[in-house]
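In what follows, a structure is listed as structure tokens, so that the remarks can point back to it.
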Amino acid sequence: MNRLLLLVMVALCTNAAAQNADKILGKQFYRADKKAIVTFCRQTDSTYCACTTWLKEPNDKNGNPRTDKNNPQEHMRQRPLLGMKVMYDLTYCQGVYHGTAYHPAHGLTCKVDLQLTPEGDLKIIGYKWGLRRSEIWQNALK
């Protein structure tokens with residue numbers, strides 16, 4: 001009987017954690033510079049990711065879609081910024097999403113921690129080369 005009760009408790013806790021993790025699904029946030037909006041979704045491996053779904057300036061000065069021109073990998077410099085996955089492999093643990101972020105303006109990848117604020121915004125802390133930078137991204141649907 002105790003074993004059955006333990007299994008039920010574990011199942012309920014796991015389900016509650018999954019529901020908390022899913023709070024980020026479909027959320028849209030302005031990047032701190034307000035030049036882009038990213039939208040969060042779940043990947044097939046059950047991790048989360050964020051893709052750029054809106055750009056203030058979607059085209060370059062010639063009217064062509066803006067591309068990942070600062071990517072350190074030359075073969076990736078032609079991929080469009082709109083629709084680009086900028087955060088990926090995000091896993092949820094006790095209120096924080098841990099994963100990787102790519103910043104196309106600088107062509108840099110870093111480790112990142114994300115946390116939804118009580119106001120509905122997104123607190124981001126990025127880590128690279130022993131340095132840490134944080135910013136708040138505003139909920140685009142407020």
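A few points about this structure:
- Matching entry among A32, A101 (being touching a Gly at 6+ places or on another chain (Cβ under 8 Å) and of a type in the set (A, V, I, L, M, F, W, C)): A101
- Some residue of the stretch 82-104 being surrounded by fewer than 17 Cβ atoms within 10 Å (Cβ to Cβ) and more than 23 Å from I24 (Cβ to Cβ): no
- Filter result (in a loop (DSSP other than H, G, I, E, B) and either touching an Asp or Glu at 6+ places or on another chain (Cβ under 9 Å) or of a type in the set (S, T, N, Q) (or both)) within the stretch 103-134: P104, A105, G107, T117
- Considering N62, N70, N20, the condition of being outside any strand (DSSP E or B), under 21 Å from Q115 (Cβ atoms) and among the polar types (S, T, N, Q) is satisfied by N20 alone.
- Residue pairs meeting the criteria (Cβ under 6 Å; at least 6 apart or on separate chains; first over 23 Å from D33 (Cβ atoms), in the stretch 80-108; second among the aliphatic types (A, V, I, L, M) and buried (at least 16 other Cβ atoms within 10 Å of the Cβ)): Y92/A21
- Hits in the stretch 85-101 (condition: out of contact with any Asp or Glu (no Cβ under 9 Å at 6 or more places or on another chain) and assigned to a strand (DSSP E or B)): K85, V86, M87, Y88, L90, T91, C93, A101
- For the stretch 44-59, the tally of residues that are out of contact with any Ser or Thr (no Cβ under 7 Å at 6 or more places or on another chain), part of a strand (DSSP E or B) and either of a type outside the set (S, T, N, Q) or surrounded by 14 or more Cβ atoms within 10 Å (Cβ to Cβ) (or both) stands at 5.
Laboratory data are not the source of any read-out in this text; all were calculated from the coordinates shown. Not measured: the values here are computed from a predicted model. Using ideal geometry, Cβ is built from the backbone for each residue, glycine included, and neighbour counts are taken over all protein chains shown.
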